[in-house]
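Each remark here refers to the structure printed beneath this line.
The values are calculated or read from the model by the stated rules, or taken from the named source; none is laboratory data. Quick caveat, the model's predicted, so the values are computed rather than measured. Note: ideal-geometry Cβ built from the backbone for every residue, glycine included; neighbour counts use all protein chains shown. The protein model used for the area step is the full one, side chains on, heavy atoms only, and it has no ligands, DNA or RNA in it. Shrake-Rupley method; radii C 1.70, N 1.55, O 1.52, S 1.80 Å.
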Amino acid sequence: MAPLCAGALLCVLCAWECVGASHPSHGDHGGVSLWSDRLLGEPSVMSLNDRLDPRRYQANNPESCPQGCFCPIQWPTALYCDQRALPSVPADLPRDTQYLFLQRNNISSLPSSVLAEAPALRWLIVDRNQLEGELLEGPALQNHTELRYLYANHNRLTAVPRGLSGGLRQLRLAYNRISSLGADAFQRLPNLTVLLLQGNRLMTVPSDSFTGLLALDLLDLGENRFEAVPAHLPPSVRQLYLSGNNLSALGEGSFAGLARLKYLRLSRCGLRSPGVPPAALNVSSLVELDLSYNRLAVTPTVPSSLQYLYLEANQIQEFKVSSFCQDTGPLSYSRMRILRLDGNKMSYSQLPVDWVYCLRVLHNIFI
């Protein structure tokens, strides 16, 4: 059966991809889009290589630019040392350096003696290097009180770096080799809003690992080795990503205590209908839920507040109105706006006749 309002769907999906996709030639900074606020004077975190003639953005004073780096005249406090096959962090960093871009090199360590030359660091990006074990030689960044963004995706780290400044806003450690979190891994990071840990080897989370995260908004634990939703998650989280784990089932209290949760991703987890009890997803704050590419046979019970539900590529052959509405009335109906059921084992003709009374504000349904 052809989808209803196909044109509108394409617009929605295209917009989603534009927001969420990373340009492969410029690097993957953990799977979450990077936004540079030009009004705040933040430079682009993307590489300048192959985009401009170096003569157009070389600094006025070449002697202040370390060998192997570009120093754009537009951003005198930014060093672009990425994609240069550097074996180590360049020495003699200018003291006023605020943005240090080292992605796609062969760096295996970050010596504290070198980083100490740049006490004003705000951004440190070391994605796709060869960092192993502990990230730093001791608490080398603890005194970098201006550090706000640390990206170390796609390395060989086995532990969360210690000694980070309490002013840190984003910590991206995706696709490393981290298999455990210490009890005090994030104790001193009360201002952290984004934490990316997907693509690691985590199986469990100690009860007090996240206690120091008071402002965390986005937590990505996808593509790890969890067999159950981790307990003791930060109550401030609004975006929780768990896709790509082997959950198979959800407990009734899996998301208890997450009163601010709005966006939940549970795709590719091997979930089956018997393993998703009616109360498992009863989170009244939820706005968007992704359950695509699982093994569900029946539409799961979701809160009436939900607006976007993705159930494509499951094995659904039964559509239950009670999954969306316990009863219907003037004020009792689902707030669902987009519902994806394409790639399942049912057609539009199999929908019960009374579904429109429950999903009365639905914009698009795709089967």
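Looking only at the range 321-339, residues that are in contact with a His (Cβ under 7 Å, 6 or more places away or on another chain) and open to solvent by 50 Å² or more (accessible area, probe 1.4 Å) come to 1 in all.
Across the range 128-145, the qualifying residues are those that are modelled with pLDDT of 75 or more and not in a loop (DSSP other than H, G, I, E, B), and the one among them that is surrounded by the fewest Cβ atoms within 10 Å (Cβ to Cβ) is GLY133.
Tell me yes or no: at least one residue of the range 348-357 is closer than 27 Å to ARG225 by Cβ and either surrounded by fewer than 17 Cβ atoms within 10 Å (Cβ to Cβ) or in contact with a Ser or Thr (Cβ under 8 Å, 6 or more places away or on another chain) (or both). There is no residue in the range 348-357 that is closer than 27 Å to ARG225 by Cβ and either surrounded by fewer than 17 Cβ atoms within 10 Å (Cβ to Cβ) or in contact with a Ser or Thr (Cβ under 8 Å, 6 or more places away or on another chain) (or both). For the range 317-353, the candidate set comprises residues that are in contact (Cβ under 8 Å) with a residue 40 or more places away in the chain and among the polar types (S, T, N, Q); within that set, the residue that is farthest from ALA280 (Cα to Cα) is SER349. Of all residues in the range 104-127, those satisfying the criterion of being of a type in the set (S, T, N, Q) and either modelled with pLDDT of 95 or more or not in a loop (DSSP other than H, G, I, E, B) (or both) are ASN105, ASN106, SER112, SER113.
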